[in-house]
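Taking it in order: structure first as structure tokens, then the write-up.
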Amino acid sequence: MDELPALAGLQHNRGLIGEPAAFARDADAKSWLYLCGNEFAAMDGGMAYADVQKAVAASTNIISDPPVVMDMDLARQHIAALDELPRPTLVTCRTGPRSSAVVYLYAGLKARATAGQVLARAEADGAPFVKSDELVAWVKQGLAELA
């Protein structure tokens with residue numbers, strides 16, 4: 001399934017990140033789109049945006065973790081940030097569902113792919129967002145409205 005070539009330069013998380021610098025180094029990341037707010041840093045297994053900034057040369061923080069509602073305004077902010085950040089780029093949230101939704105929405109938009117193509121690829125890849133009806137709906141809406 002090569003219909004989403006933009007996926008090659010993007011990596012989302014699939015769980016908590018133990019050591020941000022190692023995570024970035026292992027991915028050979030040049031940049032990072034971080035979706036968590038300051039509250040996450042105080043949680044068990046949490047991480048601060050300052051850790052992200054220390055790990056890569058370029059980063060952006062767009063707070064997208066609950067209770068923030070994933071809407072099209074937020075999607076536009078994610079897309080604009082990803083358009084600017086150099087590749088390879090990490091996109092992370094607390095445990096992966098929201099970050100994977102952002103990655104697949106972005107890749108789908110860049111490839112002008114259908115929702116069916118994007119969701120089929122995400123399911124084949126085991127992307128965490130496919131288990132969330134809310135995030136699947138957000139990706140579908142983004143592909144329809146932002147194309």
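General remarks:
- Residue 17 meets the stated requirement of being part of a loop (DSSP other than H, G, I, E, B), open to solvent by less than 30 Å² (accessible area, probe 1.4 Å) and not small (Gly, Ala, Ser).
- Search result, residues across the stretch 72-127 that are open to solvent by 30 Å² or more (accessible area, probe 1.4 Å), over 28 Å from residue 18 (Cα atoms) and touching a residue at least 40 places away in the same chain (Cβ under 8 Å): 76, 110, 111, 117, 120
- Search result, residues across the stretch 60-71 that are within 15 Å of residue 38 (Cβ to Cβ) and either open to solvent by less than 50 Å² (accessible area, probe 1.4 Å) or of a type in the set (A, V, I, L, M) (or both): 62, 63, 64, 65, 68
- Within the stretch 74-103, the set of residues being under 13 Å from the mean Cα position of the chain (by Cα) and outside any helix (DSSP H, G or I) comprises 85, 88, 89, 90, 91, 92, 93, 94, 95, 96.
- Filtering the stretch 31-67 to residues that are assigned to a loop (DSSP other than H, G, I, E, B), modelled with pLDDT of 95 or more and more than 15 Å from the chain's Cα centre (by Cα) leaves 47, 48, 56, 57.
- The one condition in (1) in contact with an Asp or Glu (Cβ under 9 Å, 6 or more places away or on another chain); (2) closer than 24 Å to residue 25 by Cα that residue 75 fails to fulfil: (2)
- Scanning the stretch 104-147 for residues being under 19 Å from residue 69 (Cβ atoms) and either among the β-branched types (Val, Ile, Thr) or not in a helix (DSSP H, G or I) (or both) gives a total of 4.
The values are calculated or read from the model by the stated rules, or taken from the named source; none is laboratory data. Everything quoted here is computed from the prediction, not taken from an experiment. Using ideal geometry, Cβ is built from the backbone for each residue, glycine included, and neighbour counts are taken over all protein chains shown. These area figures cover heavy atoms from the full protein model, side chains too; ligands, DNA and RNA do not enter into them. Shrake-Rupley method; radii C 1.70, N 1.55, O 1.52, S 1.80 Å.
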